[in-house]
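Take a look at the structure set out below.
The values are calculated or read from the model by the stated rules, or taken from the named source; none is laboratory data. Small disclaimer: the values here were computed from a predicted structure and weren't measured. Cβ placement follows ideal geometry from the backbone for every residue including glycine, while neighbour counts extend to all protein chains displayed.
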């Protein structure tokens, strides 16, 4: 799920129009996730070599996802293995983020980046000649992943952003000079090469509205150790492999790969139809198997294996000090992370389409991408406590679904268009919006709080209102007694309105008055472009590629 590097906007490649080219594959397949494109060095650095640099950049995509286990799995052993975690490299970034930041939520959002630097032990051997000199040719990343862990810490979604996404990068500090750089439209990975992790965090925050709580950065050298610490990863091949470029020879069927073999597997290009789309699916399946094994009870309860895994991971990552040194938070994550099974981990690539200004680049498909961001932003609820038997018996409730709830949405703020904006969100969640309008106080000021109201004579008004309240942030208490709108107008849903039978005869129309405190509608239904580019870790056990 995504990327960055030190290449300028003018360093554009010419699109190939031949069959089998990168762009022809994009034209032929709009729903599958895009592959990590060929990451070319800056101008003047496109030297010879065997292409090892490009091959190893695939590993950034693989390596960075395994570091999520530092947060989502291996932290279970934090209190036992503080010495192993002391090996984590630390880099403060808060002071370098100079843009307004979204509010914190109960969820945990961690930026995962894969640095392609060849500096450091074990990295240079995989790159070109430039990789063995000075600073190894500079620091870039072809991988940007936003790992979102639910407030209850039992679900995780890793969202990948293609490194050649053209986006609006906000003002940032140059990582080296600390001078402020003006905002610009550029490839998203250029934020990392010029402004480092801080600029990447700020870019994602301004584009998505999601608070990035922490970051984890990894290089290539730890990848083999991580796989070996897990005891190898089993894969299944539909056909045998004997590929000189990736130094990999494997038979048809199942094979248990050690770290060295895993490197060859994720670098494998000359296999199947040779397409990047097929290769990216193999990588996702491989990651799913890593997650399955790393979150298994065997690893989390085996003292020796867990220690080896933590040591292998800690040596290859850099974190912000707030995460690396916050014992309380790490222990809290560690305790709850045991509930995160492989079935609760999903890998998603942001919906994309070719950039009309340059078909060698991509832009995020809207409104689908924003729907995904809204789902992340609205994932702030902890499970509701179960009602006691006495309470449940004394207050029987009818079973009402969102599709059975009729809503009139009124804008109680001075922000124009707010009613339709919220109505569209409710419609996508299945609610039947009967109309929109305004409700303004006599002094013309905004309503301070959001209200949910139902008619006093509606006996089931509270039950229908409760369903609407659960879909909102914050959650206002329903009130009996409706208000007279200042203005009303008809409303047309952006999605088909389902035909459903009301839970009761004469269902009430619930009134929603939007106040200044309104934050969002909880998004649970995602567009097809998101679901089609998502795989679940638990469904990849017996997949042969």
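A few notes on this one:
- Where helices (runs of 4 or more DSSP H) fall wholly inside region 285-387, the ranges with 3 or more residues that are modelled with pLDDT of 90 or more and surrounded by fewer than 21 Cβ atoms within 10 Å (Cβ to Cβ) are 368-377.
- Neighbours by Cβ (under 6 Å, 6+ apart or cross-chain): first from region 479-492, in the same structural domain as residue 514 (by TED's automatic domain parsing); second outside any strand (DSSP E or B) and loosely packed, with under 14 Cβ neighbours inside 10 Å: 480/456; 481/456
- Filter result for residue 457 (more than 30 Å from the chain's Cα centre (by Cα), surrounded by 13 or more Cβ atoms within 10 Å (Cβ to Cβ) and without any contact (Cβ under 8 Å) to a residue 40 or more places away in the chain): no
- Single residue of region 482-498 satisfying the filter (over 33 Å from the mean Cα position of the chain (by Cα) and surrounded by 12 or more Cβ atoms within 10 Å (Cβ to Cβ)) that is farthest from residue 416 (Cα to Cα): 482
Okay, residues lined up against (1) over 28 Å from residue 209 (Cα atoms); (2) touching a residue at least 12 places away in the same chain (Cβ under 8 Å); (3) exposed (fewer than 12 other Cβ atoms within 10 Å of the Cβ):
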position	(1), (2), (3)
442	yes, no, yes
447	no, yes, no
462	yes, yes, no
500	yes, yes, no
506	yes, no, yes
526	no, yes, no
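- Any hit, region 101-114, residues being assigned by TED's automatic domain parsing to the domain that holds residue 189, modelled with pLDDT of 50 or more and over 18 Å from the mean Cα position of the chain (by Cα): no
The rows are residues; the columns are (1) part of a helix (DSSP H, G or I); (2) closer than 30 Å to residue 373 by Cβ; (3) at pLDDT 95 or above; (4) in the same structural domain as residue 502 (by TED's automatic domain parsing).
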{"position": "407", "(1), (2), (3), (4)": "no, yes, yes, yes"}
{"position": "410", "(1), (2), (3), (4)": "no, yes, yes, yes"}
{"position": "413", "(1), (2), (3), (4)": "no, yes, yes, yes"}
{"position": "423", "(1), (2), (3), (4)": "yes, yes, yes, yes"}
{"position": "436", "(1), (2), (3), (4)": "no, yes, yes, yes"}
{"position": "442", "(1), (2), (3), (4)": "no, no, no, yes"}
{"position": "447", "(1), (2), (3), (4)": "no, yes, no, yes"}
{"position": "475", "(1), (2), (3), (4)": "no, yes, no, yes"}
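- The strands (runs of 3 or more DSSP E) found entirely in region 140-218 that carry 1 or more residues being crowded, with 24+ Cβ neighbours inside 10 Å, under 15 Å from the mean Cα position of the chain (by Cα) and in the same structural domain as residue 325 (by TED's automatic domain parsing) are 141-149, 156-160, 214-218.
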